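The values are calculated or read from the model by the stated rules, or taken from the named source; none is laboratory data. No experiment lies behind these values; they were computed from the predicted model shown. Methodologically, a virtual Cβ is constructed for each residue, glycine included, from the backbone with ideal geometry; neighbour enumeration extends over all protein chains shown.
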Amino acid sequence: MIEILLLLAVVALAAMVSMRNELTGGYRLLSWMRRRLDLLKGRGQESVSEKEQQAIQETLMACDRLRNINFEEWDFKSTTLSLIKKIAFIYHPNAPTPIEQARLGDVLEALQEANQKILHVIHLPQIEYVTQFRVVQILDSPNKPKDTGPSRSGIKNRLLEQLIFKWIVRSLLIQWMLLVGEAALKVYGGDQEEGEVEAEAILADLESLPDAPDTPVPENVKTIVESSKKKIVFSPTAIPWKKVGQIYFTLTDQIAQHYHSDSAFPIYEARVCDLLKSVADSLEGIARLGQKPVLNKILKIRISRLTQAKDLALPFGQNKIMEWVNKYQVGGIAKWSHTLYKTLQKKQPSILLRDVAFGVVKEGGKRWLVLYLHGKVAAEANKLYR
């Protein structure tokens, strides 16, 4: 009996030694998660603001629900959006669309803070050892491929599932909801003052915005990117954000298929460690938008002010837009916007120029931003799946 116990002890010790990097990474990640939860709980207890207490409680409840979720049933997008909407409603209960009461400057600052927290997670000791698995392994089911590559260092798949899926994945998801909740607290719980900026003043500086840079990707991927970009550049009508999201998703999926054509679910083939780095890089790039002088003018404007501006009924067909694109090059949406404004002034001099100006800022500025983010999505997707 003693010999058997000793043998089991030796086997357990050997397993712990072989897995020390994974165990260290998991312990660091769990410790950081608990520390952040404790800090948020402490903030809620010390706060004298009832609204802040409610927002913190919503965040903590969202995190708590993650402890027992089924990965296959958990909806990343709807859960994230639900928490943001709840916190927005707490601070703006009387607004027709509480989520749109965010100011652009606050959003950029929140993204910068979120980026720093993700970077901290990435640099935790041995964290890369426990985030080498692919997203497809999190969403694994009988209908999804089981073989996602060779196991690391001889660790059995069952042990990987117990250690990584139950500890690491849940911890990462809780970290995400903390990130979202803290960002929403900053965006909706800060100073409510809104800056007054005339749309004409913004339009006057639009031409100083740089053209969307070329995305450094291989030729085959570049063909995919350019085809996707045309859906934005050549659209003769206003582009709704829902359509933008579909364009980005399709672009990512097509790049994933290019590199993982043998996979049943190419878009899930990204490794979690690479996904964390990609999110950090993307947030940093978006946050840097606030450093552009022309954008500084609109950072105090609420999102609702732009979304409520009427969509322009463009009196031009695709041929006219193609003519402008050829004249100003593909990325020159800022110059396109200024030309659009001048043309509308000539064609419809009797309409309110203020409404026209805000319409152009909304559509032209949005297209510039959509193109800018399109390049970021393409670059990050290429890094993730290549």
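Key figures for this structure:
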| read-out | value |
| --- | --- |
| Yes/no for Ala287 being modelled with pLDDT under 90, within 17 Å of Glu380 (Cβ to Cβ) and part of a helix (DSSP H, G or I) | yes |
| Complete set of residues in region 24-73 that are farther than 19 Å from Val169 by Cβ, surrounded by 12 or more Cβ atoms within 10 Å (Cβ to Cβ) and either of a type in the set (Val, Ile, Thr) or in contact with a His (Cβ under 8 Å, 6 or more places away or on another chain) (or both) | Ile56, Thr59 |
| Meets criteria (of a type outside the set (Asp, Glu) and at pLDDT 85 or above) for Ile247 | yes |
| Matching option when the condition is within 22 Å of Val272 (Cα to Cα), modelled with pLDDT under 90 and of a type in the set (Asp, Glu), among Glu3, Glu73, Glu109, Glu113 | Glu73 |
| Residue within region 87-95 that is touching a residue at least 12 places away in the same chain (Cβ under 8 Å), more than 21 Å from the chain's Cα centre (by Cα), exposed (fewer than 15 other Cβ atoms within 10 Å of the Cβ) and assigned to a helix (DSSP H, G or I) present | no |
| Number of the exception - Ala238 against (1) modelled with pLDDT under 90; (2) closer than 25 Å to Gln112 by Cβ | (2) |
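Residue-by-condition table, conditions (1) crowded, with 16+ Cβ neighbours inside 10 Å; (2) small (Gly, Ala, Ser); (3) under 21 Å from the mean Cα position of the chain (by Cα):
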position	(1), (2), (3)
Lys229	yes, no, yes
Phe234	no, no, no
Lys242	no, no, yes
Ile247	yes, no, yes
Ile255	yes, no, yes
Ser263	yes, yes, no
Tyr268	yes, no, yes
Leu276	yes, no, yes
